[in-house]
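The values are calculated or read from the model by the stated rules, or taken from the named source; none is laboratory data. Quick caveat, the model's predicted, so the values are computed rather than measured. Every residue, glycine as well, gets a Cβ built from its backbone with ideal geometry; the counts of neighbours run over all protein chains shown. The accessibility values were calculated without ligands, DNA or RNA, using every heavy atom of the protein model including side chains. Shrake-Rupley method; radii C 1.70, N 1.55, O 1.52, S 1.80 Å.
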Amino acid sequence: MPQQYRLILKNIDAPGYTNDLDCYVRHGGYEALKKAFEMGPRVSPDGGTVSGPEKIRKTVLESGLRGRGGAGFSAGLKWSFVDRKSGKPIYLICNADESEPGTFKDRQIIYKDPHQLIEGMIISCYANDVHLAYIYIRGEFPEGARILKRALAEAKAKNLLGKKILGSDYDLEIYIHRGAGAYICGEETGLIESLEGKRAYPRIKPPYFPAILGLYMCPTIVNNVETLCHVRHIVNMGGADYAKLGTPNNTGTRIVSLSGQVKKPGYYEIEVGKVTIGELINHENFGGGLLDGRKLKAIIPGGSSAKVFKAGEKFKLKKKGADGQMTTVEVDMLDLPYDFDSLQAAGSMSGSSAIIVMDDSVDIVEALANLSEFYAHESCGQCTPCREGSLWMSKALHRMTHGEGRKQDADYLLNIAQNIQGRTICAFGEACSWPVLSFVKKFKDEFEAKGAADESRNKVAATSKVTIAASPQR
Amino acid sequence: MSFTIPIELEAELNELVTHYPQKRSASLMFLHAIQEHFGYISKEAMEWTAAKLELSPINIYELVTFYPMFRQEPAGKYQIKVCRTLSCALAGSGKLHKHFCEKFGLDSHAHGVQTSKDGEFSVEFVECLASCGTGPVMMCNEDFYEAVSNSKADEILQTCK
Ligand SMILES: Cc1cc2nc3c(=O)[nH]c(=O)nc-3n(C[C@H](O)[C@H](O)[C@H](O)COP(=O)(O)O)c2cc1C
Ligand code: SF4
Ligand code: FES
């Protein structure tokens, strides 16, 4: 029976569990930090012997942990790219911007178990010789920022932060930095600019890879809230044992945010790849199925930027058989294991692990119009294709949802989207064009029918009246 | 016009500067603190902030115009922010936004911020508030509310007195 596996969420929502330090310590909190400090001496990187921090970095690499923020990049590898020879300070930033529509997992950790994040951060900072770190939290979490501030003060009072932590020779300060309502601050280089006190204009890569030229042009690690929490468990369990959770190359657990038209939306932690999309939506341990009398129409599998899956869609996936031979199997969308690789192989992504479910009551054109309005609002405006294109797409979809569609709008939208992706500074270009490309391609009949219906109706109106009222544009 | 701020607030701001190796980094946190205290960020406040952080006024002005949460004019005493994005839309946030607009004589087609005539309430659509499983969600000033039906909305308004 498919079940939750609560590692990160173990205590969250347990009766009587509170977000203060004492409660966290009573539940085994900060034991992993002590263990991390005991993993070996902290000798200089050139000192010859393998230092404690180096051992932690190896453990994280061995665990197979992949980033939980969006791209699913190996955390251990990312850490290995950090320029440790530059002589500049190394910074770590926790990405707590949680702004990908559909995603609400980091919120749970920040509000209900802030010390888990702080412990994960301290270990990660220690492992990477970081002495100054920031939590970049979205502006819309004012209470979350207060909770973290209090938690940091508690940790400092117990010498878990500050100078000579727990009697070691290690110093660390963590500060909170609040965003102010811009989605693009979630993109790591935009976030860095914002932390430098500027507009969140993403930087071009190369050369501005954070691991080399990040915050204040110094080597910088940016990791998601959930990713940093996993580090604590990896140190507790050991890398090899952690890697036994989940499936090969998709190790560990992951919190899935399930929203939209299901009976029980919510956050569910699973072993990566051990539960299918269909089970997440329909099984009583998870979403509990669609609302009564409704049929599935589509799902967005990994946050609003991920390409949509249409109900009934089938994918051909390569699978390794018992004899080690690769065979191709046909898999229904609902039978896809929820992991990084399967969703990518199916042409989408698990992104921020947020599933948005849409049933047959949804007008697919309206759903896309809603998302496109989001992207038009959130483009930072640096790149012409993204700034103009996201607005054109949103305007066309606004027309289409206000009775002024045209049959050729479907192709018009595809054309714009194709001209954005791959031509921009940051991945927002893909984020805004993928929904359009996938919605329009997979539901082209509905887009064309809607446009055609408007067109013929407006033709009749135009011959009887001289002017057509313009739709109210914002 | 000169701009003065209370001593306690200035102390808080001075402390914020110590969090960063470069002063400029403190500007967003400054603007939050100033907006929290004065309700909005005036031209004088921007100039004051710039001088305090050894920047040109444009360095601050460009932030206030870029980040949606900052405003240059006072908003309503109670600011209602309804999430507009897909999951909340599927759960009925359009209806909720309309309910507030109708209550305060505002245009429900407008998505940006609008303030009631008496200056008490402002209503706006905002993007995903990261609680998509409990939509429709909203904020009233700094308080956050989930699964807001029209009747729950009226109860929330009752507390705004
Ligand atoms: C447009 C855009 C928005 C993003 N928003 C977020 C976000 O809100 N939170 C997050 O953790 N990562 C976000 N990311 C991904 C970050 O750029 C970065 O890859 C991530 O924080 C790295 O952490 P991880 O390796 O631990 O996943 C976003 C990326 C893009 C392109
Ligand atoms: S792709 Fe869009 S969001 Fe990213 S830098 Fe360019 S304009 Fe800004
Ligand atoms: S869509 Fe409303 S909180 Fe995410």
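Structure above, values below:
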{"item": "Residues in segment B:80-110 that a label on B:Q158 would reach, taking backbone N under 19 Å of a point 7 Å out along Cα→Cβ", "result": "B:99-100, B:103-104"}
{"item": "Drop in accessible area of at least 20 Å² in the complex versus isolated chain, residues of segment B:4-30, 1.4 Å probe", "result": "B:H19, B:Y20, B:P21, B:Q22, B:R24, B:S25, B:L28, B:M29"}
{"item": "Cα lying deepest toward the dipole's positive end in segment A:1-144, options A:C23, A:S51, A:G144, charges on Cβ", "result": "A:S51"}
{"item": "Chain A: calculated mean residue ellipticity at 222 nm from DSSP helix runs of at least 4, using -39500 (n - 2.57)", "result": "-12000 deg cm²/dmol"}
{"item": "Percent carbon-and-sulfur accessible area, chain B, ignoring ligands, DNA and RNA, probe 1.4 Å", "result": "51"}
{"item": "Size descriptor, Kirkwood hydrodynamic radius, that averages inverse alpha-carbon separations across segment A:364-460, Å", "result": "13.1"}
{"item": "Degrees separating the helix A:444-464 axis from the principal Cα axis of chain A, which is the longest one", "result": "40"}
{"item": "Estimated dipole of segment B:78-160 in Debye, rounded to 20 [Cβ of Lys and Arg +1, of Asp and Glu -1, Cα centre]", "result": "260"}
{"item": "Interface burial for B against A (accessible surface, 1.4 Å probe, total of both chains, Å², rounded to 100)", "result": "3800"}
{"item": "Solvent-accessible area per residue for segment A:345-474 (1.4 angstrom probe, square angstrom)", "result": "43"}
{"item": "Chain A - percent of accessible surface contributed by carbon and sulfur, probe 1.4 Å", "result": "54"}
{"item": "A:D411-B:A147 pseudo-label distance in nm [points 7 Å out on the Cα-to-Cβ vector]", "result": "4.8"}
{"item": "Residues in segment A:176-216 that, when all protein chains are in place, have 40 Å² or more less accessible area than the chain alone would give (probe 1.4 Å)", "result": "A:H177, A:R178, A:A180, A:G197, A:K198, A:R199, A:Y216"}
{"item": "Accessible solvent surface per residue of segment A:69-182, calculated while the other protein chains remain in place, 1.4 angstrom probe, Å²", "result": "30"}
{"item": "Cα centroid separation, segment A:229-280 to segment A:14-40 (Å)", "result": "21"}
{"item": "Dipole magnitude of chain B, debye to nearest 20 (Cβ charges: Lys/Arg +1, Asp/Glu -1, about Cα centre)", "result": "420"}
{"item": "Chain A - charge dipole about Cα centre, Lys and Arg +1 at Cβ, Asp and Glu -1, debye rounded to 20", "result": "480"}
{"item": "Cysteines without a disulfide-compatible partner [chain B; Cβ-Cβ under 4.7 Å]", "result": "B:C101, B:C128, B:C132, B:C140, B:C160"}
{"item": "Rounded tilt (10° steps) of A:364-378 against the dominant C-alpha axis of chain A", "result": "50"}
{"item": "Accessible solvent surface per residue of segment B:78-160, calculated while the other protein chains remain in place, 1.4 angstrom probe, Å²", "result": "41"}
{"item": "Equivalent ellipsoid semi-axes - Cα gyration tensor, segment B:78-160, angstrom", "result": "18, 13, 11"}
{"item": "Percentage, to the nearest whole number, of Cα pairs in segment A:176-234 over 19 Å apart", "result": "32"}
{"item": "Dimensions (Å) - the protein assembly as shown, Cα atoms, principal axes, largest first", "result": "86, 81, 49"}
{"item": "Threshold 10 Å², segment B:109-153 residues less accessible with all protein chains present than alone (1.4 Å probe)", "result": "B:H109, B:H111, B:E127, B:C128, B:L129, B:A130, B:S131, B:C132, B:G133, B:M139, B:E142, B:F144"}
{"item": "0 to 90° range, to nearest 10: angle between helix A:52-63 axis and chain A longest Cα axis", "result": "40"}
{"item": "List A:D292, A:D129, A:D13, A:D409, ordered by accessible area with a 1.4 Å probe, largest first", "result": "A:D292, A:D13, A:D129, A:D409"}
